[in-house]
Amino acid sequence: MARLPGAFAVIGDVQWLPGYCVLLVDREGVGSLTDLEPDERLQYLASMATLGGAVESACRTTDGGFRRLNFEILGNTDEFLHAHVWPRYDWEPAERVTKPVWLYPAEFWTLPSLRLGPQHDRLRSMITTELVRRGAAAVSH
């Protein structure tokens, strides 16, 4: 979607929580936040906050059930620095709304009905527009 300082913002390939995005570090060999120099860390975290602000703005506009954002840097599966930006909603099941996203069923990552598709084009465009408004450079997909 956009180029940010030290990173690329992309929309997630699954959308069971519409607006899910990932911030990918912009160079090879960076496995974790601590692999970056202090000024680069601050830059990456600022880019993560910028992506979060754009996701929040778009999701709040498109879904009255928008509740908050969750930010996560894990690195347990993919050994390169990336941050997950998860919108959370009031309409989520009561047993999950206050829990980590990772407690959703594992098959949510592979269900065709939850994959990113044309039905998400408007939301992706809104996030990209908001990123550009906040100083990012748009990248075509």
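The values are calculated or read from the model by the stated rules, or taken from the named source; none is laboratory data. These numbers were taken from a predicted model, which means no experiment stands behind them. Cβ coordinates were reconstructed from backbone atoms using ideal geometry, including for glycine residues, and neighbour counts include every protein chain displayed. Note: areas computed on protein heavy atoms with side chains; ligands, DNA, RNA excluded. Shrake-Rupley method; radii C 1.70, N 1.55, O 1.52, S 1.80 Å.
Okay, here's what the table says:
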read-out	value
Loop-located chymotrypsin sites (Phe, Trp or Tyr not before Pro) in the stretch 32-141 whose Cβ has at most 13 other Cβ within 10 Å (DSSP)	Trp91
Per residue solvent-accessible surface (Å²) - the stretch 32-141, probe of 1.4 Å	59 Å²
Theoretical ellipticity at 222 nm over the chain - DSSP helices of four or more residues, -39500 (n - 2.57) apiece, nearest 500	-9000 deg cm²/dmol
Computed FRET value (nearest 0.05) for Ala138 with Asp39, which takes r as the C-beta separation and R₀ as 22 Å	0.30
Length-normalised contact order of the chain in % [C-alpha pairs under 8 Å, at least 6 apart]	34 percent
Mean-position separation - Cα centroids, the stretch 67-95 and the stretch 1-57, in angstrom	12 Å
The chain, accessible surface, carbon-and-sulfur percent (1.4 angstrom probe)	53 percent
Charge dipole of the chain about the Cα centre (unit charges at C-beta), most positive-ward option of Gly64, Met1, Thr98	Gly64
